[in-house]
Structure formats: C-alpha cells, structure tokens
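Visitor: Submitted below is the structure of interest, expressed as structure tokens.
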Amino acid sequence: MDKAEKVLQQMLDAGVQPDNITYSSLINGYSSLGMWKESGCFADVGNMFNLMESNGITPDHHVFNILINAFARRGMMDKAILIFEDMRKKGVNPNVCTYSTLISAYCRMGPLYHGYLVKANELISEMMNKGIPPPCIKFFNSIINNLCKEGRVAKVGDMKEALRIVDVMTSVGVEPDAGRTNTAKKIFNEMIDCGMTVSNATYNIVLGGLCRNNCTDEAIMLLDKLFAMNIKNDVVIFTTMISAMFKVGRREEAKKLFAAISTYGLVPDMYTYGVMINNLIKEDSFEEADNIFSSMEKSGCAPDSRLLNGIIRTLLRKAEVAKAGNYLSKIDENNFAVEASTASLLLSLFSMEEQSAFLNMLTADGHIFVGLS
C-alpha cells in the first residue's frame, strides 16, 4: 500500500485528478488489509473516502459496496448501515450486492441478537419490493440456516420469517440443495404445526426435495398429513414427486403414488401421464407404458404433439423403432407436427438413400417439421 499511496500523492502533486476507480482500489486495499486505525489520512479508510468527496468525486456503487462489506464483515453493523443510508441520500441506489452483504451479515449475527433477524427480513422485503432479484441459492441457504440455529425456528415470529424466505425462493425458482434436507423438513413441519398458510409452490419444492433425497417415506407421510388437514393441493405436486422418485430409482413408490392420485380426489393430467410413460420406457417397461397411455386416452385426456414427440424420442433412444412407429402414427392421425429433434433421431437410423426416401414419404403425407432446417 505504501507504493499505492506514493503514486496517489504523485498524481495529486501533478494536478492529475484520481477517479472513482483509483479511490475504490485504494479503499479496497486498505479494508482488505485491515488498516483502520493507523495514523495518516492515506492509512484510514474513512479519511480516504472523505478525501475522495472533497476532491469532487462522487462515490459509485462499487465504492459504497466496498465500505459496507468492510464494516459488515467485522460485525460493525451500525457503521455499515450509516454508509448504506449515506449511499441512498447521495442518490446511489443500493443493488443486489449491497443488500446481500447486509442481509448475510445480519443473519450471521442473528443467533446473538434476534433484532438482527428482523432487520434482515426488512431488507429482504425492501429488496424484493424494488424488483431486485436475489443473487443465488447460497444466499437463501445462509438465511434459513441462521433462522434454524439455537432453536429460534420454533418461535412463531421466526417461522413467519422462514416462510417468507421459502416463498421468495419459490417465486424466483430456486430450491434448497441436498445438504439442507433436514433443515427444510424441520422448518416445513413446524410451519404446518403452527397452522401457518403455505403456498402450493412451497409444498411442491419441499416434497420434491424430500423425494430427490431418498426421503420418499417421509414425503408420503407429509403428503397424507396435508390432506388430513384439508389443505387443498393439486396434481402438480404428485407429478413432481413421481418424477423425483424415478430419478432416485424408487420406481415402485412412483407407481404406487401414481395409482393413488384418485384416492386424493385428483385426476392425473397430461404432464403426469407423460412423466410416467417416459420413465417406464427408460426402464424398458414398454407394456406398462403402453397401458398407461391407453388409460390416458380412455380417461379423456388427449395427448398433444409435445407429449407424442417426447415418447417417440424416448423409444428411439432405446432403439425401439417399431414401437416408436406406433406413436408416430398417432401424430399422423392428429395432424400434429414432427419436431426437428424427433425427425433427426428418425433420420439417424437410415442410410443416406433411405433418409431421402423417408423424407419424401413424410412430405407426401403432409407432415410438417417444426424447427428443422
């Protein structure tokens, strides 16, 4: 840093005005080295910031975020918030980096003082109300972890904070990773036991997560608990759980859950049927897949082009050309389009001469290829 100070002094002596980048580099250097109390204006982050402003340089997001992070990292939240407020007064709007730095710092200190968790939640609300998207899943995991520490999650007030966080996660399409399974179960069960209202999307995330982490028995027990409490659910939750069960090799549980959908007063939709059919084909259970497809048609749930193309591709990848042909005829019957990826798989099975003849045959029959160029 001594060399950096000398360069800065030389710039000032020569009448060269340092810019935002110069000052932010110096401030970042001092804060990284922890040079907070040393004598001399160049060894003091606060003085460097003041020098910057006195020279007519308006700090930008980067400079403010460096300062906020430096104080927040050391638990000096009062000073971090003062800079945060000063930032807004100067017309520099906080960004996702600003909010995530403060929120994460408050959550780290939450177990020491409950008020910090309240402040973290207030900042989350402010960030979301301004339409600023959260940075990543680790951001949410950090918050939920701290809410669960030292038994705080059992308090209704903190449960509401946890619920809001989980619902925010849902709204932006992220979900807890496998390492958070126990935490998610604890939060979710206590939410229900407290009689709190939880969105279907949140149920979907938690139940799907349990299934993906081989906690299918617990997922079924939780599902039964929800229905026993007359909590209205939809078939999307079943589709998610069935798909997750197949992914972890719990085929029989997936089949049982599919068969039980009607007992919950629900009806499988085309997506639920599609998950079952395609996964059964992947496991070489072709007859079962055909039977489910037949039951789908009999129930009045008509397959669309996307489902049929998907089934054909799954069969072709299993080298079941004849069976794929049966479903291709259904595309023909319904005047659906053959998608480019489906046509490519079909063509890859033929020689060059056969490909030409095949394309001519389909064109003559009036087939349309979507996305094929």
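Read-outs throughout are calculated quantities, based only on the coordinates presented, and are distinct from any laboratory measurement. If you're wondering where the values come from, they're calculated on a predicted model, not measured in any experiment. Reconstructed Cβ throughout: ideal geometry from the backbone, glycine too, with neighbour counts over all protein chains shown.
Visitor: Which pairs break 28 Å Cα to Cα here: LYS225/LYS255; LYS255/LYS318; LYS256/LYS323; LYS255/LYS330; LYS225/LYS282?
Guide: Cα-Cα > 28 Å for LYS225/LYS282; rest within.
Visitor: How long is the gain from GLU297 to ASN129 if the chain were fully straight, where each residue apart is worth 0.36 nm and the alpha carbon distance is subtracted?
Guide: Values: separation 168, 0.36 × 168 = 60.48 nm, distance 4.54 nm.
That pair, GLU297 and ASN129, stretches by 55.9 nm at full extension.
Visitor: Could you go through region 59-73 in sequence order and give the Karplus-derived ³J(HN,Hα) for each residue, using 6.51 cos²θ - 1.76 cosθ + 1.60 with θ = phi - 60°, rounded to whole Hz, and x for Gly and Pro?
Guide: x, 9, 3, 4, 5, 4, 5, 4, 5, 4, 5, 4, 6, 5, 4
Visitor: Something else: In nanometres, what is the gap between the two model label sites at LEU349 and ARG73, each 7 Å from Cα along Cα-to-Cβ?
Guide: About 6.0 nm, to one decimal.
Visitor: Quick one: length gained pulling VAL96 to VAL267 fully straight, 0.36 nm per residue minus the C-alpha distance? Please report the intermediate quantities before stating the final value.
Guide: Values: separation 171, 0.36 × 171 = 61.56 nm, distance 4.21 nm.
Separation in residues times 0.36 nm, less the Cα-Cα distance, equals 57.4 nm.
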